[in-house]
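Computed from the coordinates by the stated procedures, all read-outs in this text should not be read as laboratory data. These figures come from a predicted structure and were not determined experimentally. Don't worry about glycine lacking a Cβ; one is built from the backbone with ideal geometry, like all the others, and counts go over all protein chains shown.
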Amino acid sequence: MSDSEDWVGRYERGESRYPYTPYPIGWFRMAYSHELDPGDVQRLHRFGRELVVFRTESGRACVADAHCPHLGAHLGVGGEVVGEALRCPFHHWEFEGESGRCTKIPYAKRIPPKAALRSWPVRERNGLVLAFHHPERKPPHFEIPEVPELEDPAWMPLDLNHWTVRANWLDMNENCVDMAHFKYIHGTLSIPPTTAEIDGTTHVATSQFRMKMPGGNEGDAQLVTYDHGPGVQVVRMEGLIDSLLLNTSTPIDAEQTDVSFAYTVRSEGETRKEHLAAKIIEDLKNQFEHDRPIWENKAYWTRPTLCDGDGPIATYRKWVQQFV
Ligand code: FES
Ligand SMILES: [Fe+2]
């Protein structure tokens, strides 16, 4: 389906750390909605290429390849939004945001039919500007569901955190089903029993945690992790405190990934819960730093030597196949 054969070859020749594409199929965060105002144009390096993210005057978020089909100027450097189009700084050709079609050349009688930017399918959902990547440019075949907690006033505003990690998406995402590492890396009190199921393009992992909360109390919690393709993950935690993580991972290039964790708690305006949430956020940031040196230096084994306590890693890898 994609270029995965190349990556297997590169892996086998020792030219890549990973035997699968760094650029999988799926929806990926290109921006947060609140960071993109009408008229904004941002340049971005993702999927090993230069991109431009912009918002038209009517408010539509758009993503396109950055280089102009005319003579190659970078639309993220001096490009301007004009109505529903993006205007190239070099000769003022204009490209319609959603389709990428050239709609105006101020000095030509005829617009060349092939004049178009490569635009990406975009959805704006859960405060994220998401673009759909498919190596053959096929249209989206699934959607990212709404996360109702984000609109619910009982939940705190999202706390956003970003990292650039020198690791490939799958190796990091597999963390949610690598149950033994929760005890030995993150210090949970036991190895959490976990089940996993594949629901089409969504992978659902359910874990029972016995953990120490910041402040010292011990308690039980259930974590349900929904992976909606390789780029968007929603984690719901119930028990000690109802909380939610909205995580994204977007490939920057073959080795680096842009990772975000956004956290919220059902605080219902209670200061005590908000303080607890702040402590949990600190704890999550520390947890990320526990994982990072492992991810950035580990090898990826196609056939790892697993034991019975490891968790449903095989199910996760089976699910991932549809995106590579
Ligand atoms: S390079 Fe973009 S209009 Fe000429
Ligand atoms: Fe981890």
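Residues whose amide H lies under 5 Å from that of Ala254, counting only those 5 or more places away or on a different chain, are absent; hydrogens are built 1.01 Å from N in the peptide plane.
Restricting everything to alpha-carbon atoms, can you work out Rg to Rh for the stretch 165-243 with a Kirkwood hydrodynamic radius? Don't skip to the answer; put the middle values down first.
Details: Rg = 13.1 Å, Rh = 13.4 Å.
Rounded to two decimals, Rg over Rh is 0.98.
Compactness ratio for the stretch 161-305: Cα radius of gyration over 2.2 N^0.38 Å (N = residue count) comes to 1.05.
Before rounding to the nearest 500, sum -39500 (n - 2.57) across all DSSP H runs of length at least 4 in the chain and divide by the residue total; then give [θ] at 222 nm in deg cm²/dmol. Provide the component values of the computation, followed by the final result.
Details: 5 runs with 54 residues, N = 324.
Computed mean residue ellipticity for the chain: -5000 deg cm²/dmol.
Report the extension gain between Ala108 and Asn161 in nm, rounded to one decimal, defined as 0.36 nm multiplied by the number of residues separating them, less their alpha carbon distance. Numbers along the way, then the final one.
Details: separation 53, 0.36 × 53 = 19.08 nm, distance 4.68 nm.
Length gained, Ala108 through Asn161: 14.4 nm.
Extension gain for the segment Glu296 to Ala180, taken as residue separation times 0.36 nm less the Cα-Cα distance, is 39.9 nm to one decimal.
Here, the stretch 94-180 is characterised by an Rg to Rh ratio of 1.12, where Rg is the alpha-carbon radius of gyration and Rh the Kirkwood radius.
Put a dot 7 Å past the Cα of Lys212, heading toward its Cβ, do the same for Glu197, and the two dots end up 3.5 nm apart.
For the stretch 19-49, backbone nitrogen atoms closer than 20 Å to the point 7 Å from Glu255 Cα along Cα-to-C-beta are found at 19-24, 45-49. Given a cut-off of under 8 Å on Cα pairs at least six residues apart, what relative contact order in percent is computed for the chain? Reported as a whole number, the value is 18 percent.
Centre-to-centre separation between the Cα atoms of the stretch 253-320 and those of the stretch 1-78: 24 Å. As a length-normalised measure over Cα pairs under 8 Å and 6 or more apart, the relative contact order of the stretch 148-323 settles at 28 percent.
Using Cβ contacts closer than 10 Å as the measure, can you line up Asp171, Asp220, Asp283 from fewest to most? Mind dumping the intermediate values first?
Numbers: Asp171 20, Asp220 13, Asp283 16.
By the 10 Å Cβ count, ascending: Asp220, Asp283, Asp171.
With the simple model of a label 7 Å out from the Cα in the direction of the Cβ, Arg303 to Glu282 spans 4.8 nm. Taking Rh as the Kirkwood radius computed over C-alpha pairs, what is the Stokes-Einstein D of the chain at 20 °C in a medium of viscosity 1.002 mPa s, expressed in µm² per second? D = 101 µm²/s. Checking the cross-link pairs Lys212/Lys298; Lys212/Lys318; Lys298/Lys318; Lys109/Lys138; Lys285/Lys318; Lys138/Lys298 against a 24 Å limit on the alpha carbon distance flags Lys212/Lys298; Lys212/Lys318; Lys109/Lys138; Lys285/Lys318; Lys138/Lys298 as lying beyond it.
Here the stretch 26-133 was treated as a single set of alpha-carbon atoms; its pair distances binned every 5 Å from 0 give 2, 14, 26, 27, 17, 9, 3, 1, 0 percent. Label positions at Arg272 and Lys318, each projected 7 Å from the Cα along the C-beta direction, are separated by 4.5 nm.
If each residue's Cβ is checked for other Cβ atoms within 10 Å, how do Ile241, Ile25, Ile281 rank with the fewest at the top?
Working: Ile241 16, Ile25 23, Ile281 19.
Neighbour counts put them in this order, fewest first: Ile241, Ile281, Ile25.
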